[in-house]
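One structure below.
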Amino acid sequence: MVLDSAILTLDERPPRQRSASARYSLTHLRALEAEAIFIMREAAAEFERPVLLFSGGKDSAVLLRLAEKAFRPGKFPFPIMHIDTGHNFPEAIAFRDRRITELGERLIVRYVQESIDRGRVAQPKTPGASRNRLQTTTLLDAIAEFKFNAALGGARRDEEKARAKERVFSFRDEFGQWDPKRQRPELWGLYNARIHPGEHVRVFPISNWTELDVWEYVAQERLDLPSIYYAHRRPVFRREGMLLAVGEYMQPLDGEVAFEEQVRYRTVGDMTCTAAVRSSARTIDEIIAEVAASRISERGATRADDRFSSAAMEDRKREGYF
Amino acid sequence: MADRLATVASKADLLRFSTAGSVDDGKSTLIGRLLYETKSIFEDQLEAIEHASRLQGADYVNLALLTDGLRAEREQGITIDVAYRYFSTPTRTFILADTPGHVQYTRNMVTGASTSDLAVILVDASRGITEQSRRHVFIASLLGIPHFVICVNKMDLVDYSDQVFAQIRSDFLPFLSRLDVPDLTFIPISALHGDNVVDRSVNMPWYRGSPLLQHLEHVPVAADRSLVDARLPVQWVIRPHRNEHRDYRGYAGRVTGGVLRPGDEVVALPGGFTTRIKSVDTFDGPIDEAFPPMSVTLTLEDEIDISRGDMICSTRNRPIVSQDLEAVVCWLSTSPLTPGKWYAVKHAARNTRAVVKDLCYRIDVNSLDHESAVESLGLNEIGRVTLRAAAPLAYDPYHRNRTTGSFILIDESTNETVGAGILLEPRD
Ligand SMILES: Nc1nc2c(ncn2[C@@H]2O[C@H](COP(=O)(O)OP(=O)(O)O)[C@@H](O)[C@H]2O)c(=O)[nH]1
């Protein structure tokens, strides 16, 4: 027996709608943008004290543009907050200050160093140890200090396995903890924003974007980025298969050799745990071509702190990490 | 100006779809293969699962491992929450809601289905249609998914037999015809060996339809959105209070139906004031028309009192405005729904409260039978209810508009999301 085609249609839609469909369709990037704007407006409307978290990287650049799209010609309904680990790429700080001035919005900075000085967290003993983990305490302290009840961030579900299941409005208990087993079901675009005092919600407007979407959006919007995203030469050394920059806080240990290499960054975080990739991509188009062809995931290539175990991210998120 | 946002069909658009299957039907293997073949798996991820496969003593790379996210799931070896996956081909970008199939995870299936344009439902060829398969189709149709693909998997175990495939199809059709399934496709596949997933199977020359991926690339989804009944739930009012925009008052929101153009006559509900659209604004400048799912800002000719939660609609096809709601509710919580109880309600951009007046019947998700005289609705159960809201809602029946026709119920003391509601035509 030969089956003609396994398609059958029980109910034909009106032809009028079909012919109009091509005209009324958005590219995937425009659809993702519309969704992100919708999420930002929901967060702003539902929470009395939201804040936008700024990391210095490309995701922050995208979030700031999306906030302009959501709220201009009005002002942003939230301040922008940077948790400064002290181990910054100077280019990221320069970018931050440039953008904030252009936008005319309010910036709050809270320092991991202050948390260390006040004895809230202990400085790790090993040389060049990452302060990524310490950020959590500084962030939660700042959330309590300003009584923020929603923190918008640039995390994406494609970054990591545990994140693939995280909600767009992601509930945090009074200790800032995420419980993956007790997540609220999230249906349609109906985000549940109800919380008790002391609890808060992390809001992720670009949950559904991939790394490539972010780059394509940077190109489409011609967004300004810290220069270290583009290929440049700098002294680096190799540790556990990754290229780390030689700098004030990071020196090669015994047996590690510094050398000069042409590199760029795929993420910008704490200098001590953000690795560079070898690259000659000097323009956005070259980066997009490289990312599209890339065979190593963004986190695998550049985040030293995720390498410990495949559950590393899940563990940190439970504690209240970004 | 409009064509800066609207685009030609040749550029990649977005398809949101969900997958459901019973445990061991091969869902993880299928998803792993789709990701692998569309080159969405990175080298380090592949290395990690190769390593994990060896630890498990498997002699092949278990692509299913790619999609198991959380630790509890890794330990139990099953998917227990909705996980989202991303891949793309030159013609389309895909967002896949990977949902677990067991009856105790009905709520997760409902969640994944709520935002999907298409449902892929797996059936094991060696076992045929099961109660679970029927439930998966029922939930997808209840949630208004317009396109269905039934993947008859493990065809290799039945010698790629066209008779087995035809039998499964004809076994399923009587059930499917009782449901609202606008577009239905059957595809015989082997997720393990790759037959008809990306490439046409050489083992099943009798099948003349498209392989799965090709089908996903070409299903026309933009046609599913209603372009007739213009709707914009107001999320946020933009009032700059700056000198250069002193009198600016913009109503920001997402178009959830119809096309909105400057000059159109609109009504703001539930208030009922009528005016005309002055401009359709975006950060990139004013545009000629806005359509779903765009996020825009409207300015209006007259200064009328509109705030968050109101809905701007065309005057010709108005939504229903009522405090009495007829609905089907999927229960998501361990503490049951009971008549007489109050819940917080979120509908479009409006928050209000509602009391359950009546629980009319429970739907047996396997047989579709209605069980009346029930006292409560428990976790993962689906039932027909009547609600009375504290404030009037402007809504459409779900089958006309999935956004203005849906709501969630929230427990007012725990703040948990406890119910997912689908609005029906009002009773007269
Ligand atoms: N023979 C055969 N086995 C398959 C096929 N697809 C999946 N399997 C096997 O069925 C079992 C369950 O598959 P899995 O993808 O984990 O199922 P899930 O529980 O639906 O995610 C595994 O042993 C797979 O290798 C197929 O097409 N043919």
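The values are calculated or read from the model by the stated rules, or taken from the named source; none is laboratory data. Owing to the predicted nature of the structure, the values given are computational and were not obtained by experimental measurement. Note that we place each Cβ from the backbone using ideal geometry, even for glycine, and neighbour counts take in every protein chain shown. These area figures cover heavy atoms from the full protein model, side chains too; ligands, DNA and RNA do not enter into them. Shrake-Rupley method; radii C 1.70, N 1.55, O 1.52, S 1.80 Å.
If I build a Gaussian network model for chain B, linking alpha-carbon pairs within less than 10 angstrom, which residue out of B:243, B:380, B:153 has the largest mean-square fluctuation? Among B:243, B:380, B:153, the largest mean-square fluctuation in the Gaussian network model of chain B belongs to B:243.
Starting with the highest mean, order A:287-293, B:262-268 by the number of other Cβ atoms within 10 Å, averaged over the residues of each peptide.
By packing density, highest mean first, the sequence is B:262-268, A:287-293.
Determine the sum of side-chain charges near residue B:235: Lys and Arg each +1, Asp and Glu each -1, restricted to other residues whose C-beta is under 9 angstrom from that of residue B:235. Walk me through the numbers on the way to the answer.
On the way: positive: A:41, B:254, B:308; negative: A:42.
Summing Lys/Arg as +1 and Asp/Glu as -1 gives +2.
Its alpha carbons give segment A:13-125 an Rg and a Dmax of 19.5, 69 Å.
Amide hydrogen proximity for residue A:230: with H placed 1.01 Å from N in the peptide plane, the residues at 5 or more positions away or on another chain lying under 5 Å are A:265. Global size of the protein assembly as shown: 26.0, 82 Å for Rg and Dmax (C-alpha atoms, Rg to one decimal, Dmax whole). At an R0 of 25 angstrom, the distance between the Cβ atoms of residue B:334 and residue B:388 translates into a FRET efficiency of 0.50.
Each other residue within a Cβ distance under 9 Å of residue A:256 adds +1 if Lys or Arg and -1 if Asp or Glu, for a net charge of +1. Taking Lys and Arg as +1 and Asp and Glu as -1, the other residues whose beta-carbon sits under 15 Å from that of residue A:236 total +2. The radius of gyration of the Cα set in segment B:10-224, together with its Dmax, comes out at 16.3, 48 angstrom. For the segment B:202-208, counting C-beta atoms of other chains within 10 Å of every residue's C-beta and taking the mean gives 2.
The residue B:301 and residue B:180 beta-carbon pair, evaluated with R₀ = 45 Å, returns a calculated FRET efficiency of approximately 0.65.
Within chain B, the ratio Rg/Rh, alpha carbon atoms throughout and Rh by Kirkwood, equals 1.00.
Using the 2.2 N^0.38 Å rule of thumb for compact globular proteins, work out how segment A:95-211 stacks up: its C-alpha Rg over that value, please. Numbers along the way, then the final one.
Numbers: Rg = 16.2 Å, N = 117, 2.2 N^0.38 = 13.4 Å.
After normalising by residue count via 2.2 N^0.38 Å, the value is 1.21.
Residue by residue along A:36-48, Cβ atoms of other protein chains within 10 Å of the local Cβ number 5 on average.
When the surface is traced with a 1.4 Å probe over the full set of protein chains, residue A:72 keeps roughly 40 Å² accessible. Using the rule -39500 (n - 2.57) for each DSSP H run of four or more residues, divided by the residues of the protein assembly as shown, the 222 nm mean residue ellipticity is -7000 deg cm²/dmol. Name the residues of segment A:99-126 whose amide N is less than 16 Å from a point 7 angstrom out from the Cα of residue A:75 along the C-beta direction? It comes to A:100-108, nothing else. Within the full protein context, the accessible area of residue B:357 is estimated at about 130 Å² for a probe radius of 1.4 Å.
A Förster radius of 51 Å, combined with the Cβ-Cβ distance separating residue B:367 from residue B:46, puts the computed FRET efficiency at roughly 0.75. Place a point 7 Å from the Cα of residue A:293 along the Cα-to-Cβ direction; which residues of segment A:261-275 have their backbone N under 20 Å from it? Within reach of a label on residue A:293, which here means backbone N under 20 Å from a point 7 Å along Cα→Cβ, segment A:261-275 contributes A:262-267.
Put B:361, B:36, B:207 in order of accessible area, largest first, 1.4 Å probe: what do you get?
Numbers: B:361 55, B:36 110, B:207 10 Å².
Largest accessible area first, the residues go B:36, B:361, B:207.
Sorting B:138-146, B:333-341 by their mean Cβ neighbour count within 10 Å, with the most densely packed peptide first, gives B:138-146, B:333-341. Grouping the Cα pair distances of segment B:320-423 into 10 Å bins from zero gives a pair-distance distribution of 16, 52, 29, 2 percent in increasing distance order. Pairs exceeding a 24 Å alpha-carbon distance, out of A:161/B:27; A:161/B:39; A:147/A:181; A:69/B:39; A:165/B:27; A:181/B:39: A:147/A:181; A:69/B:39; A:181/B:39.
Would you mind giving the mean number of other chain beta-carbons within 10 Å of the Cβ of each residue in A:71-78, as a whole number? If you can, show how the numbers build up before the last one.
On the way: counts 7, 8, 11, 12, 5, 0, 2, 0.
Per-residue shielding by partner chains comes out at 6.
Relative to its Kirkwood radius, the Cα radius of gyration of segment B:231-314 gives an Rg/Rh of 0.93.
Accessible-area rank, largest first, for A:233, A:163, B:169: A:233, B:169, A:163, with all protein chains present and a 1.4 angstrom probe.
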